[in-house]
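In what follows, a structure is listed as structure tokens, so that the remarks can point back to it.
Derivation of every value follows stated rules applied to the coordinates shown; laboratory data play no part. Note that the structure is a prediction, hence the values are computed from the model and not measured. Note that each Cβ is placed from the backbone with ideal geometry, even for glycine, and that neighbours are counted across all protein chains shown.
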Amino acid sequence: MRGLEGLGALWETMRSILPLTVILALFQIVVLRKPIDNTKEFAIGFLLSVFGLHFFLKGVSMSLLPLGDSVGKNLVVLERKWVIVVIAFIIGYFGTLVEPALKALALEVEEISVGAIPHKVLIHTVAIGFGLGMGIGILKILNDISYIKIIVPLFIIIIVLIFLAPEEFVSIAMDSASATTGPVNIPLNMALAIGLTKIIDTADPLLSGFGIVGLTSIGAVISVLTLGILTKI
């Protein structure tokens, strides 16, 4: 039975990748009238992507999600709220460092800027902003603060920074925020936030457990814009 369940889960993963692959292949062959280079390598790559995504999702559901939920539930044993916020910052920071999409973006930025914006500097800057957003989100849950009271001031800060930062950093900041919401951060941070709201009596998991990913993205935007201002100075 377990074998059949495993094959079923693998087939579901393949079904999610197959339509996109077929559409791209048909577009390449029928519309563009170009052959697929190295068909054998393409087929092997497709199978690797299916197995890779399948095992990654399985691993996340077995490790990061339950661990994040458990950490969130047990954070309340710490009496000082600032310690919980610092821990949330550290988790957000290191979680961002392993995001593959952010690494790809940072390498592209370094290449296009001819080394003017080193990829490591951009990655750590985004990680700091993400961690700050994570800390703000956890502080909001702990103190039952309305999203309006947090988001409006943060948006005002972003608007001011946009006028002060170099134009190229504005675009990089927006893409960096999207790159942080990847397969590592989203399950880990949501599990952490929801686990915390399950324990706090004044918090509703449905109202307070979600939205923290948006705050982390806002933090990433602010940190990259700040980097642009510092490089300008």
Exercise for review: Over region 163-233, calculate the relative contact order: mean separation of alpha carbon pairs under 8 Å at least 6 apart, over the residue count, as a percent.
Suggested key: 50 percent
Review point. Sorted from fewest to most neighbouring beta carbons within 10 Å, what does the list F163, F210 look like?
Key: F163, F210
Practice item. Starting from the eigenvalues of the Cα gyration tensor, five times each then square-rooted, give me the equivalent ellipsoid semi-axes of region 85-160, largest first, whole Å. Key: 28, 16, 8
Practice item. Pairs of lysines 8 or more apart, or on different chains, with alpha carbons under 18 Å: count those in the chain, would you? Key: 8
Check your understanding: Which translational diffusion coefficient, to the nearest whole µm²/s, is obtained for region 128-233 from the Stokes-Einstein equation, given a Kirkwood hydrodynamic radius over C-alpha pairs, 25 °C and 0.890 mPa s?
Key -> 173 µm²/s
Check your understanding: I36 to L18: extension gain in nm, 0.36 nm per residue of separation minus the Cα-Cα distance?
Key -> 4.9 nm
Revision key, fill the gap. One finds the C-alpha centres of region 95-127 and region 139-195 to be spaced, in Å, by 18 Å
Check your understanding: Which of M14, M134 comes first, and how do the rest follow, when ranked by fewest Cβ neighbours within 10 Å?
Key -> M14, M134
Point to revise | Dipole magnitude of the chain about its Cα centre (Cβ charges: Lys, Arg +1; Asp, Glu -1), debye to nearest 20 | key: 240 debye
Practice item. Sort V121, V85 so that the residue with the fewest other Cβ atoms within 10 Å of its own Cβ comes first and the one with the most comes last. Key: V121, V85
Check your understanding: Longest exposed-loop-site-free stretch of the chain, with trypsin sites (Lys or Arg not before Pro), DSSP loop and at most 16 other Cβ within 10 Å?
Key -> 81-233
Check your understanding: Taking region 31-154, how much of its Cα-Cα pair set, in percent, is spaced more than 19 angstrom apart?
Key -> 67 percent
Study note, to complete from the structure: Largest fluctuation, S70, S223, S49 only, Gaussian network model of the chain with Cα springs under 10 angstrom, belongs to S49
